[in-house]
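These notes are about the structure you will find just below.
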Amino acid sequence: QVPLVESGGGLVQAGDSLRLSCAKSARAFAYIMGWFRQPPGKEREFVASIRWSDGSTYSADSVKGRFTISRDNTKNTVYLQMNSLKPEDTAVYYCAAATGIINSEYEDEYDYWGQGTQVTVSS
């Protein structure tokens, strides 16, 4: 099992920045890690993903230019830097890990999930 521990959520104002962290067990293997979010009353949606080996990333169009996913191998942690936050970014943000090659946009292809962290952006 790959325990994932998220942190960094909170209440911010529109235009602010926030950085989410997702720490995974150092002994566990993850080929791809991703961030998803679930806005109130809506389905969970893909935000961004990163390949652990080489750091290559992929992001949803809705966050390109504002959100950046990155990883720190020494800390076994993936980050989601969120800038220029908007009220529509309000959601529970989830970290996920996949142990194999997947289409990273599809949540069903991930093997493990974090507990989620709430991000609320006020206008």
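The values are calculated or read from the model by the stated rules, or taken from the named source; none is laboratory data. Keep in mind it's a predicted model, so treat the numbers as computed, not measured. In this analysis, Cβ positions are derived from the backbone assuming ideal geometry, glycine residues included, and neighbour counts consider all displayed protein chains. For accessibility, only protein heavy atoms count, side chains too; no ligands or nucleic acids. Shrake-Rupley method; radii C 1.70, N 1.55, O 1.52, S 1.80 Å.
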- Query: Residue separation times 0.36 nm, minus the C-alpha to C-alpha distance between S84 and Y58: what's the value?
  - Reply: 7.5 nm
- Length released on extending from I102 to Q13, taking residue separation times 0.36 nm less the Cα-Cα span: 28.6 nm
- Query: Once phi is turned into ³J(HN,Hα) by the Karplus curve 6.51 cos²θ - 1.76 cosθ + 1.60 with θ = phi - 60°, what whole-Hz value does each residue of segment 86-94 show in order, with x for glycine and proline?
  - Reply: 10, x, 6, 7, 4, 5, 8, 9, 10
- Message: For the chain, what does the relative contact order come out to in percent, with C-alpha contacts under 8 Å and a separation of six or more?
- Response: 36 percent
- May I ask for the net charge around G10, where only other residues with Cβ less than 14 Å from the Cβ of G10 are counted and Lys, Arg are +1 while Asp, Glu are -1? -2
- Please sort by residue number the trypsin sites (Lys or Arg not before Pro) in segment 12-101 whose DSSP state is loop and whose Cβ has at most 14 other Cβ atoms within 10 Å. R27, K42, K64
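Excluding ligands, DNA and RNA, what is the solvent-accessible area per residue of the chain at a probe of 1.4 Å, expressed in Å²?
Computed with neighbouring chains in place, this is 51 Å² per residue.
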- On a C-alpha basis, how far is the centre of segment 1-53 from the centre of segment 70-123 in Å? Whole number, if you could? 2 Å
- Message: Please enumerate, by chain and number, the lysines with C-alpha under 17 Å from the C-alpha of K64, excluding those fewer than 8 residues away in the same chain.
- Response: K86
